[in-house]
Amino acid sequence: MFRKVLIANRGEIALRVVRACHELGVQAVAVYSEADANAPHVREADEAVLLGPPPSSESYLRGDALIAAAKRTGAEAIHPGYGFLSEREWFARAVRDAGLVWVGPPAEAIAAMGSKTAARELAIKAGTPVVPGTTTALRDAEEAAEVAERFGYPVLLKAAAGGGGKGMRVVHQRSELAASLQAAQREAKNAFGDDAVYVEKYIVGPRHVEIQVLGDQHGTMLHLGERECSIQRRHQKMIEEAPSVAVTPELRARMGAAAVAAARAAGYTNAGTCEFLLDASGEFYFLEMNTRIQVEHPVTELVTGIDLVQWQLRIASGEKLPFAQADISPHGWAMECRITSEDPANGFLPSTGRVRYLHLPSGPGVRWDGGIETGSEITLFYDPMLAKLIVHAPTRARAIERMHRALLELTIDGVDTSRDFHLRMMENDDFRRGDIGIQWLEQHLDELLHVPPAPGDVLRAAITAALMAERDRSARRGAPPASSPGESAPDGSTWLRTARREALR
Ligand code: MV4
């Protein structure tokens, strides 16, 4: 195992990697920008190196500074986390060329999966089902029309260099094709510097189900089952769970084998994820491979009992996986809510400010992977995800109840967050039935959004809550209650429960 590892990231994932390092007896070197000098990931690490000013381009994206910091501190390996430089082939290569170990897949595997058309070709060769479509760039609208005719409308135009939804255009009929192709090519050129666009059959109303894979450098490649990630908005996932209500053990085995085959074909090692669309008839189609540890990895950890970040480090240091596919079976149900500094009631507008007070949920089956604390300054420099609240329970229904309970315990004062949105999700009938697809959230946003109470209502509720808290406080002192209204908090009043807890603090 390494003696020292540099973590080229910030926030909750940097802290997650620090923890894995410490459990393995490895020293952790943090890096930070001027905005993060007091961040928890810096404090929890064994040492830390300042990269530069707050903008990512001058700090966390500076490959040269990261490699120099690793060299200077004597770190033997770099863990990139997710985002930032985690999927840049050039950085994985530069780390290797500097004589350091990259805690991730080989640069060649990142490159192979980086082009969506190359990834499709690879998957096809491996026998992994892909969405019907082409694997080469369209020459013109004539060719696009020919292909569309062959697969039938609607079709989806996609950027070859894309991913994450940029440069995509749905086309419903021939007459729209030429204009949509032009628009997609322009968008692709702007976003990726490459105007290559190809065409796929458009799958209507599918789920997003992804398979976690884990491979060592000795030829073992396993899958760790699926995550259901359909609750997303504008390609930002909000809730993930494992397993998926739509996946039977038989389907899991087939999707798992398909993911393992694609990963093997790419020469993949370490942790990775194959994204699939799963349609209503149970057909699944490979979309792309994420060549990094993902935000939602904890739900897989909770149902499999396998520490993915520890295994990333073990695999990178040359260890062999000691378990086989037959040893892996999901137990119970795990669910994750992404707690972001966005105001759902305001179109998910990013919110900034200082975290004035933070009360974290705990108790049975609750895990908090966070990167904030009381006093943290939330800026617009970085991703709005503050933390992940993750629960594990025997069944999906109990996981939802547990998540609801944990969300009620959570208080974040000072910035607007997605917490209330998640409470409404846990109460939603479609969600509780598992009756959801990738379009569900955007179609149901209005009914989920918190309607702000009238100003008078807020004042009345605050006075009532304060009086009830005062009564409780008097009771604790053994004094007679100030008044004896005899009433208790209305059933399930989160307002009163929170006010009471805060007043008694
Ligand atoms: C699709 C699709 C429907 N049909 N491809 C979105 C981002 C990129 N990973 C691929 N995406 C999609 N590809 C075909 N042929 C629908 C999506 C899609 C989507 C996929 C996964 C999760 C969320 C999504 C939201 C909108 C569209």
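Since every read-out is calculated from the coordinates, none of them should be taken as a lab result. Only a predicted model underlies this, so the values are computations on that prediction, with no experimental measurement involved. Cβ atoms come from the backbone with ideal geometry, glycine included; neighbour counts cover every protein chain shown.
Summary table
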| quantity | calculated |
| --- | --- |
| Whole-Å distance, taken between Cα centres, linking region 265-300 and region 127-161 | 22 |
| Share of alpha-carbon pairs per 10 Å distance bin for the chain, given as whole % | 4, 17, 27, 26, 16, 7, 2, 1, 0 |
| Relative packing of peptides 277-284, 399-406 - highest average C-beta neighbours within 10 Å first | 399-406, 277-284 |
| Local electrostatic count, Phe323, Cβ distance below 13 Å [Lys/Arg +1, Asp/Glu -1] | -2 |
| Within straight-line cross-link reach of Lys201, lysines at Cα separation under 24 Å, skipping those fewer than 8 residues along the same chain | Lys116, Lys125, Lys158, Lys166, Lys189, Lys237 |
| Degrees separating the helix 63-73 axis from the principal Cα axis of the chain, which is the longest one | 70 |
| Partners for Lys320 among aspartates and glutamates (Cα-Cα distance below 20 Å; same-chain residues under 8 apart left out) | Glu23, Glu76, Asp216, Glu301, Asp307 |
| Cut-off 12 Å (backbone N to label point 7 Å along Cα→Cβ of Asp194), residues of region 74-91 | 89 |
| Per-residue HN-Hα couplings for region 17-34 [Karplus 6.51, -1.76, 1.60; θ = phi - 60°; Hz; x = Gly/Pro] | 6, 4, 5, 4, 4, 5, 5, 9, x, 9, 7, 10, 9, 8, 10, 7, 9, 4 |
| Residue-wise HN-Hα coupling along region 392-403, computed from phi with Karplus coefficients 6.51, -1.76, 1.60 (Hz; x: Gly, Pro) | 9, 8, x, 10, 5, 4, 6, 5, 5, 4, 5, 5 |
| Protection proxy ranking, peptides 387-397, 364-374, 134-144, average beta carbon neighbours within 10 Å, highest first | 387-397, 364-374, 134-144 |
| Residue-wise HN-Hα coupling along region 97-110, computed from phi with Karplus coefficients 6.51, -1.76, 1.60 (Hz; x: Gly, Pro) | 5, 7, x, 9, 9, 8, 7, x, x, x, 3, 5, 6, 4 |
